[in-house]
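Derivation of every value follows stated rules applied to the coordinates shown; laboratory data play no part. Quick caveat, the model's predicted, so the values are computed rather than measured. Cβ: placed from backbone, ideal geometry, glycine included. Neighbour counts: every protein chain shown.
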Amino acid sequence: MRQRSLHLGVLAALALLLGIPALAAAAADGPSPTDIAINSMWVVVAAILVLFMQAGFAMLEIGLSRMKNAGAVAGKIVINLAISFLMFWSIGFAIGFGDGNNFAGSAGWFLNNTDAAGDTNSLGLFDFGNALAAYNIPVEAVFFFQAVFVAVSLAIVFGTMLDRTKFIGYIIFGVVFTGVIYPIVAHWTWGGGWLAQNGFLDFAGSSIVHLQGALAAIAGTLILGPRIGKFRDGKPQAIPGHSIPLAILGVLILWLGWMGFNPGSFLGAVGYNFADIAINTNLSAAAGVIGATIGSLVMFRTLDVSQMGNGAIAGLVAITAPVAFVDPWAAVVIGFVVGLLVPALVVLVDKLKVDDPIGCIPVHGVAGVLGTLAVGLFATRERLDALGLSGSSAGIFNGGGGQQLWVQFYGVAATIAFTFTCSFALFAIIKYTVGLRVSEDDELAGLDISEHGMYGYPEQFIEVPGAFPESGLSGATQSTTATSSQ
Amino acid sequence: MKKIEAFIRHEAFDEIRDKLAAMGLPSMSISEVKGSGRQGGYTESYRGAKTTIFMRPKLKLEVVLDDSDVELAVDVILECAHTGEPGDGKIFIIPVDDAVRVRTGERGDIVLAPHQEDTPA
């Protein structure tokens with residue numbers, strides 16, 4: 001995937017052709033300051049868009065939680081972002097993207113930009129890993145972009161566990177997940193580890209970001225158990241979220257954020273057609289909405305709005321891995337198929353007695369797996385060659401045979417085995433030490449008051465909403481009878 | 001002195017209020033209530049799971065009136081709240097022993113009489 005483009009050579013050749021010696025010389029010496037500036041500008045803007053996705057997760061999860069837990073969900077998103085930045089800065093980025101072995105990186109702790117020979121690169125270019133050393137972009141931009149990615153992954157974990165998890169459980173899991181578990185899997189592919197060397201392709205993280213988040217979420221919800229009242233006499237019950245409009249606002253913010261998530265994943269702008277990535281991303285999301293709408297109509301005989309939102313996210317998650325390697329028609333097919341599956345998968349998860357309030361397992365888990373495998377079906381030789389990916393094969397539908405599908409398959413299998421095992425063990429340790437689930441009384445009262453001492457929507461719960469200590473409004477209401485006297 | 005307690009559809013209220021006010025009966029209270037009756041509940045589908053809501057939201061209108069005004073008010077409610085479908089609601093008429101105006105301490109029928117200064121502009 002993120003290989004060096006040939007643009008420098010092209011630029012140099014062009015410059016020579018046109019007889020511009022200065023430009024030709026600059027290109028020959030290395031990246032021009034203009035290239036670096038343009039690359040940084042786009043990647044930092046893309047990172048800001050991905051940062052905004054935290055607002056999307058907040059709105060989606062708040063909308064699909066109950067009113068008594070809305071404040072707790074908001075607090076959880078804020079702590080999620082804080083943990084992600086601090087842990088990824090201190091150790092996560094070094095393990096994920098630093099130089100090291102095929103399993104994990106071990107250089108660049110605390111973003112110390114010194115290479116193995118002890119030289120600090122004066123341009124601030126990324127220079128402590130083999131895999132990404134070729135990028136013409138400052139290390140800080142790469143770090144910012146990758147740090148907001150890990151925050152996305154962690155937000156997925158926490159969403160499935162809402163309404164019943166102790167806050168301290170979130171913190172302990174988040175520290176280990178963002179500091180160690182996520183970076184190791186990221187290193188396998190994006191840090192030049194063993195999966196990258198075998199030609200595994202995950203452009204922007206269907207498996208690395210979304211599947212990992214979903215795997216940890218499954219481990220978490222299995223250890224937590226369902227919310228009180230979710231299953232009665234073995235039958236799944238509806239626990240409706242308190243605001244569908246907020247949930248859909250969240251979906252739309254996530255959709256917008258994805259315009260940074262995928263197109264920014266070139267880690268550059270000069271020489272890359274990142275607008276093409278934006279088109280494929282939007283097409284898949286759109287097809288996902290249509291698929292989920294049809295699926296909901298067929299499965300439930302109703303147009304479930306939360307499922308339509310889930311369809312958009314499923315389409316976005318699925319296209320994240322193959323987006324740079326497939327043609328637009330394939331993006332539509334991928335999005336539509338995963339969208340269509342979402343309502344059926346939501347019912348299946350319910351049937352398995354697993355409580356997944358926001359539909360994270362179908363939307364991030366199954367769509368993440370299918371999206372990663374879709375590379376092996378739809379990737380085209382032309383697009384792989386344009387990105388210099390000679391080590392990967394085209395997909396089955398484009399004459400590449402089953403080779404790439406097999407690579408994608410064991411990449412996904414390895415991710416599932418590693419992340420699920422680590423997450424399950426970690427949640428089990430938390431459960432038997434500090435405890436993972438709040439008491440029954442606290443859960444019934446709502447986490448807002450039991451964990452945080454304040455309600456997200458106080459006026460719904462205090463005795464006399466609208467009471468004014470100074471009776472400030474009574475004068476106003478009497479103004480129509482101002483002449484009355486006692 | 002009687003109290004009318006009427007359980008009505010939300011959409012009937014505005015018209016009832018306007019007509020009672022025009023008749024010189026501006027004093028009333030409403031509250032949001034949930035109730036069950038012949039109309040039955042409804043089934044909500046949320047992410048594939050079905051939930052039956054047995055109690056539907058209704059509006060409770062309370063008006064305390066002089067005996068002579070009761071039939072007028074009942075007629076207004078009947079006229080405005082009637083659709084002919086189950087769920088139109090019910091009207092209960094309850095005797096009231098006494099009334100006190102908090103601001104002045106006045107008691108009895110005087111409490112129900114419109115104020116001179118209250119006449120609508």
Next item on the list: Could you quote the convex hull projected area for region A:298-337, Cα atoms only and averaged over all directions, in nm²?
Entry: 3.0
Next item on the list: Could you tell me, in Å, what Rg and Dmax come out for the Cα atoms of region A:133-223?
Entry: 14.3, 46
Checklist line | Vicinal HN-Hα couplings computed from phi for region A:328-340 (Karplus, 6.51 cos²θ - 1.76 cosθ + 1.60; Hz; Gly/Pro x) | finding: x, 4, 5, 4, 5, 4, 4, x, 5, 5, 5, x, 4
Check: So what is the diffusion coefficient of region A:254-295 in µm² per second by Stokes-Einstein at 4 °C and 1.567 mPa s, using a Kirkwood Rh over Cα pairs?
Finding: 117
Notebook entry, point to check: Roughly how many nanometres apart are two label points built 7 Å out from the Cα toward the Cβ at A:Ala425 and A:Ile171?
Noted result: 2.5
Notebook entry, point to check: Which cross-chain or sequence-distant (5 or more) residues have an amide H under 5 Å from the amide H of B:Lys58, H modelled 1.01 Å from N in plane?
Noted result: B:Val33, B:Lys34, B:Gly35
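How high is the FRET efficiency from A:Glu140 to A:Trp194, r the C-beta distance, R0 25 Å, rounded to 0.05?
With a Förster radius of 25 Å, E is 0.35.
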Notebook entry, point to check: What number, rounded to the nearest 500 deg cm²/dmol, is the helix-based mean residue ellipticity at 222 nm of the protein assembly as shown, given -39500 (n - 2.57) per DSSP H run of at least four residues and division by all its residues?
Noted result: -16000 deg cm²/dmol
Next item on the list: Please work out how much length the chain gains when fully extended from A:Asp327 to A:Ala37, using 0.36 nm per residue of separation minus the C-alpha to C-alpha distance, in nm with one decimal.
Entry: 101.4 nm
Notebook entry, point to check: If you place +1 on the Cβ of every Lys and Arg and -1 on the Cβ of every Asp and Glu, how big does the dipole about the Cα centre of the protein assembly as shown come out, in debye to the nearest 20?
Noted result: 1800
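Using the eigenvalues of the Cα gyration tensor, what equivalent ellipsoid semi-axes result for region B:2-118 when each is taken as the square root of five times the eigenvalue, whole Å, largest first?
In descending order, the three semi-axes are 34, 15, 13 Å.
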Next item on the list: Pull up all non-local amide H partners of B:Tyr46: gap of 5 or more, or a different chain, and H-to-H distance under 5 Å with H placed in the peptide plane.
Entry: B:Thr51
Margin query: As an exercise, identify the trypsin sites (Lys or Arg not before Pro) in region A:352-420 lying in DSSP coil whose Cβ has no more than 15 other Cβ atoms within 10 Å.
Written below: A:Lys353
Margin query: Please return the longest range in chain B lying between exposed loop sites, taking trypsin sites (Lys or Arg not before Pro), DSSP loop only, at most 10 other beta-carbon atoms within 10 Å, and leaving the sites out.
Written below: B:39-102
Checklist line | Square roots of five times the Cα gyration tensor eigenvalues for the protein assembly as shown, Å | finding: 61, 26, 24
Notebook entry, point to check: Among the listed pairs A:Lys353/B:Lys60; A:Lys76/A:Lys230; B:Lys3/B:Lys50; B:Lys2/B:Lys34; A:Lys68/A:Lys353; A:Lys166/B:Lys60, which are separated by more than 31 Å between their Cα atoms?
Noted result: A:Lys353/B:Lys60; B:Lys3/B:Lys50; A:Lys166/B:Lys60
Check: Mind listing the phi-derived Karplus ³J(HN,Hα) values for region A:367-376, rounded to whole Hz, using 6.51, -1.76 and 1.60 with θ = phi - 60°, and x for any glycine or proline?
Finding: 5, x, 5, 5, x, 5, 5, 4, 4, x
Next item on the list: Report the calculated FRET efficiency for A:Leu252 and B:Arg101 (r = Cβ-Cβ distance, R0 = 45 Å), to the nearest 0.05.
Entry: 0.25
Next item on the list: Specify the angular offset, from 0 to 90 degrees and rounded to the nearest 10, of the alpha carbon long axis of helix B:13-22 from the longest principal axis of the alpha carbons in chain B.
Entry: 10
Notebook entry, point to check: Just how many % of Cα pairs in region A:227-376 lie over 18 Å apart, if you round to the nearest whole percent?
Noted result: 56
Next item on the list: Consider a paramagnetic label point 7 Å from the Cα of B:Thr52 along Cα→Cβ; state which residues of region A:210-234 have an amide N under 16 Å from it.
Entry: A:232-233
Notebook entry, point to check: Fewest first, what order do A:Lys230, A:Lys431 take by the number of other Cβ atoms within 10 Å?
Noted result: A:Lys431, A:Lys230
Next item on the list: Report the FRET efficiency, 1/(1 + (r/R0)^6), for B:Val74 and B:Ser36, where r is their Cβ-Cβ distance and R0 is 22 Å, rounded to 0.05.
Entry: 0.40
Notebook entry, point to check: Mind checking the mean number of beta-carbon atoms from other chains within 10 Å of the Cβ atoms in A:347-359?
Noted result: 1
Check: Which residues' amide hydrogens lie under 5 Å from the amide hydrogen of A:Val270, considering only partners 5 or more residues apart or on another chain, with H built in the peptide plane?
Finding: A:Asn39
